[in-house]
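Below you'll find the structure, written out as structure tokens, and then a few comments.
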Amino acid sequence: MAQKPSIPKGTRDFSPTEMARRNYIFDTIKKVFRKYGYLPIETPAMENLSTLMGKYGEEGDSLLFKVLNSGDFLKKMDVSDLEENKAAKTATKISDKGLRYDLTVPFARYVVQHRNDIRFPFKRYQVQAVWRADRPQKGRYREFYQCDIDVVGSDSLLNETELIRVIDEIFQTLSINITIKLNNRKILSGIAEKINAPEKLTDITVAIDKLDKIGIEKVYEELKSKGIDDDAISQLKPIIGLSGTNSGKLKILATLFNDVEEGRKGVEELNTVLNQLEMLDIKANIQLDQSLARGLNYYTGAIIEVKADDVNIGSICGGGRYDNLTGIFGLPGISGVGVSFGADRIYDTLQELDLFPKQTAGSSRVMITNFGETESLHALKVLEEMQNEGIYAELYPDSAKIQKQMKYADQKAIPFVLHVGEQEIKSGDYTLKNMLTGTQHNFKLSQIISFIKEN
RNA sequence: GUGGUUGUAGUUCAGCUGGUUAGAACGCCUGAUUGUGGUUCAGGAGGUCGUGGGUUCAAAUCCCAUCUUCCACCCCA
């Protein structure tokens with residue numbers, strides 16, 4: 001026990017059973033992505049730190065896994081940095097690569113770098129691991145998979161609508177009941193402007209984002225502590241506590257923003273998307289939530305977040321529109337919108353709700369028992385013929401006791417066992433045992449093949 | 001990053017305020033069944049008590065450090 005090898009904190013191994021389930025999620029998601037015209041790309045696990053740093057706020061930088069430079073990385077280091085305990089400063093000197101923190105920033109880098117080869121609007125999906133040096137807990141890992149889908153080079157709100165359709169179809173296929181929460185960064189900006197505190201936008205959004213977690217009174221307290229005066233807070237009250245139907249909320253916001261250009265634009269955008277959605281057959285709950293902020297400082301328009309209705313695991317999908325992400329890398333004027341599906345949280349959700357398909361995908365349908373050297377030669381030929389017919393089959397590799405071989409088949413849940421022993425070889429009729437019912441009969445190989453194919 | 005929590009056989013856990021050979025269930029292996037699994041019966045193997053240090057005549061048990069687990073905060077998929 002003590003000297004057992006282990007893996008780093010917050011990382012996981014995946015067994016064959018878990019992989020079958022994970023692939024079920026990935027396959028479902030990818031299939032829907034492709035159906036809507038998105039194509040896959042991949043980017044390296046490592047990016048230059050200059051690409052990653054400063055894109056996720058101050059908090060994000062400290063959550064980046066940094067990769068130590070090769071060779072004599074100490075050369076560039078300044079001893080005084082160590083003495084003053086400047087961890088951050090030292091880090092930039094001994095490390096210039098980092099593991100990707102999400103898929104959006106590497107994608108922005110990709111778009112800028114390959115701008116001449118890309119036909120806009122560019123619709124891509126990307127399913128890869130990301131790493132965060134976060135402290136792990138339920139539904140939070142240090143290595144986890146994101147399934148991203150983005151459109152860049154198009155301002156149309158049809159893209160927002162399409163993403164919501166993609167979300168709806170994926171979770172419907174997975175049988176997860178969800179609520180899609182929508183907001184617009186312009187509404188948040190409008191609120192800040194309305195109360196004459198545009199520079200407090202981040203503080204305001206961070207505070208009201210916690211609304212359903214800490215309650216409205218605590219939100220006021222936090223706003224106050226951030227230096228927002230009582231007058232402004234009292235103006236905020238009717239906005240934050242807004243309830244009712246989506247269209248009702250929008251009406252109230254619209255009148256509120258009669259003198260705030262930015263806010264009006266946000267209302268308009270949400271209205272357009274909601275109108276488009278109304279024409280379509282969307283199963284998920286769509287909920288306007290003016291407290292939804294999602295902290296990411298690069299969102300400029302729509303903000304989207306998905307929560308599972310029946311499991312408390314945080315958001316399982318989120319995203320939004322970012323007008324100027326590629327601008328950071330020197331290509332301004334390209335707008336993008338995208339969402340990210342959290343495969344690991346979707347896994348935990350399906351697990352908790354017992355929604356994984358029962359069949360053990362990929363396992364053999366038939367196992368041939370091994371009766372010894374001469375018999376196994378004959379069995380090898382039988383195996384080949386069955387596999388050529390597309391049947392998932394395996395031959396037990398050792399001539400162990402039949403009892404042991406049967407137990408192996410039983411535990412791997414292989415539904416059929418085929419005995420190719422001395423008697424069978426002589427007669428040409430092989431014994432096929434149904435492991436579920438326990439019955440067995442003798443058939444010619446061609447009959448067995450068509451029987452297994454049918455069942 | 002801050003505060004708390006967990007770690008004993010392959011697995012889930014028991015082990016009272018430190019006391020002598022550390023237990024159970026399930027699983028595993030062997031046999032009853034040398035060509036038949038899932039049930040039953042009989043027997044068996046398996047633990048430097050996360051790791052390192054300390055206190056003590058004596059530590060799984062107390063103390064410190066470290067790693068790990070889970071939880072809250074921060075933040076997020």
Worksheet entry | Two-decimal Rg to Rh for segment A:83-184 - Kirkwood Rh, Cα set | 1.07
Item to complete: Would you mind putting A:27-35, A:298-306, A:168-176 in packing order, based on average other-beta-carbon counts within 10 Å, highest first?
Response: A:298-306, A:168-176, A:27-35
Discussion item. I want to verify the translational diffusion coefficient of segment A:270-364 in µm²/s; compute it with Stokes-Einstein, Rh as the Kirkwood radius over Cα pairs, at 10 °C and 1.306 mPa s.
Written reply: 99
Practice prompt. In debye, nearest 20, what is the charge dipole magnitude of chain A about its Cα centre with +1 on Lys and Arg Cβ and -1 on Asp and Glu Cβ, if you could check?
Written response: 520
Discussion item. Rounded to two decimal places and with Rh computed the Kirkwood way over Cα pairs, what is Rg over Rh for segment A:224-330?
Written reply: 0.99
Fill in: Expected 222 nm ellipticity per residue - DSSP helices of 4 or more, -39500 (n - 2.57), all of chain A, to 500
-12500 deg cm²/dmol
Worksheet, complete the sentence: Given backbone amide H placed at 1.01 Å from N, residues whose amide H is under 5 Å from that of A:LEU331, ignoring those fewer than 5 places away on the same chain, are none
Discussion item. I need the fraction of alpha carbon pairs in segment A:366-454 separated by more than 19 Å, rounded to a whole percent.
Written reply: 30
Discussion item. In whole Hz and in residue order, list the ³J(HN,Hα) couplings for segment A:398-408 that follow from phi through the Karplus curve 6.51 cos²θ - 1.76 cosθ + 1.60, θ = phi - 60°; x for Gly and Pro.
Written reply: 10, 8, 7, 4, 4, 4, 5, 5, 5, 5, 4
Worksheet entry | Per-q log10 I(q)/I(0), chain A, q = 0.05, 0.06, 0.07, 0.08 Å⁻¹ (Debye; single scatterer per alpha-carbon; no solvent) | -0.28, -0.39, -0.52, -0.64
Worksheet item: How do A:224-232, A:391-399 rank on mean C-beta neighbours within 10 Å, highest first?
Response: A:391-399, A:224-232
Discussion item. Show me the ranking of peptides A:281-289, A:267-275, A:179-187, A:45-53 by mean Cβ neighbours inside 10 Å, starting with the highest.
Written reply: A:179-187, A:267-275, A:45-53, A:281-289
Worksheet item: Give me the log10 of I(q) over I(0) for segment A:6-78 at q = 0.26 Å⁻¹, as the Debye formula computes it from C-alpha points; what are the numbers?
Response: -1.12
Discussion item. Roughly how far apart, in whole Å, are the Cα centres of segment A:286-315 and segment A:23-52?
Written reply: 21
Discussion item. How far apart, in nanometres, would the label points at A:GLN172 and A:ASP354 be if each is projected 7 angstrom from Cα along the Cα-to-Cβ direction?
Written reply: 2.6
Worksheet item: So what are the ³J(HN,Hα) numbers for segment A:158-163, from phi and the Karplus equation (6.51, -1.76, 1.60; θ = phi - 60°), rounded to whole Hz, Gly and Pro as x?
Response: 4, 5, 4, 4, 4, 4
Worksheet item: Relative to the longest principal Cα axis of chain A, at what angle does helix A:343-353 sit, 0 to 90 degrees, rounded to 10?
Response: 70
Discussion item. A 31 angstrom limit on the alpha carbon distance is what I want to check against. Which of A:LYS210/A:LYS265; A:LYS9/A:LYS401; A:LYS123/A:LYS218; A:LYS31/A:LYS265; A:LYS9/A:LYS237; A:LYS66/A:LYS213 exceed it?
Written reply: A:LYS9/A:LYS401; A:LYS123/A:LYS218; A:LYS31/A:LYS265; A:LYS9/A:LYS237; A:LYS66/A:LYS213
Discussion item. Suppose we take every Cα in segment A:192-248 and form the convex hull; what volume per residue is that in Å³?
Written reply: 85
Discussion item. Can you give me the long-range amide H partners of A:THR300? Hydrogens built in the peptide plane at 1.01 Å from N, cutoff under 5 Å, separation of 5 or more residues or another chain.
Written reply: A:ARG321, A:TYR322, A:ASP323
Discussion item. Of A:GLY215, A:SER154, A:GLY438, which is farthest towards the positive pole of chain A's charge dipole, taken about the Cα centre with +1 and -1 on the beta-carbons of Lys, Arg and Asp, Glu respectively?
Written reply: A:GLY438
Worksheet item: Any idea which of A:SER175, A:GLY320, A:ILE187 is furthest toward the positive side of the dipole for chain A, if Lys and Arg beta-carbons carry +1 and Asp and Glu beta-carbons -1?
Response: A:SER175
Worksheet item: Taking only Cα atoms, what is the 0 to 90° angle, nearest 10, from helix A:185-194's long axis to the longest principal axis of chain A?
Response: 20
Practice prompt. Please provide three numbers in whole Å: the alpha-carbon extents of segment A:326-403 along the principal axes, with the largest listed first.
Written response: 72, 34, 22
Worksheet entry | Under-5 Å amide H pairs with A:GLN287, H placed in peptide plane, nonlocal only | A:ILE180, A:LYS181, A:LEU182
Discussion item. From the phi angles alone, apply the Karplus equation (6.51, -1.76, 1.60; θ = phi - 60°) to segment A:126-137 and give each ³J(HN,Hα) in whole Hz, x where the residue is Gly or Pro.
Written reply: 8, 10, 8, 6, 10, 10, 9, 7, 8, 7, x, 7
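We did not get these values from a lab; they are worked out from the coordinates using the rules stated. For clarity, every value in this text was computed on a predicted model and none was experimentally measured. In this analysis, Cβ positions are derived from the backbone assuming ideal geometry, glycine residues included, and neighbour counts consider all displayed protein chains.
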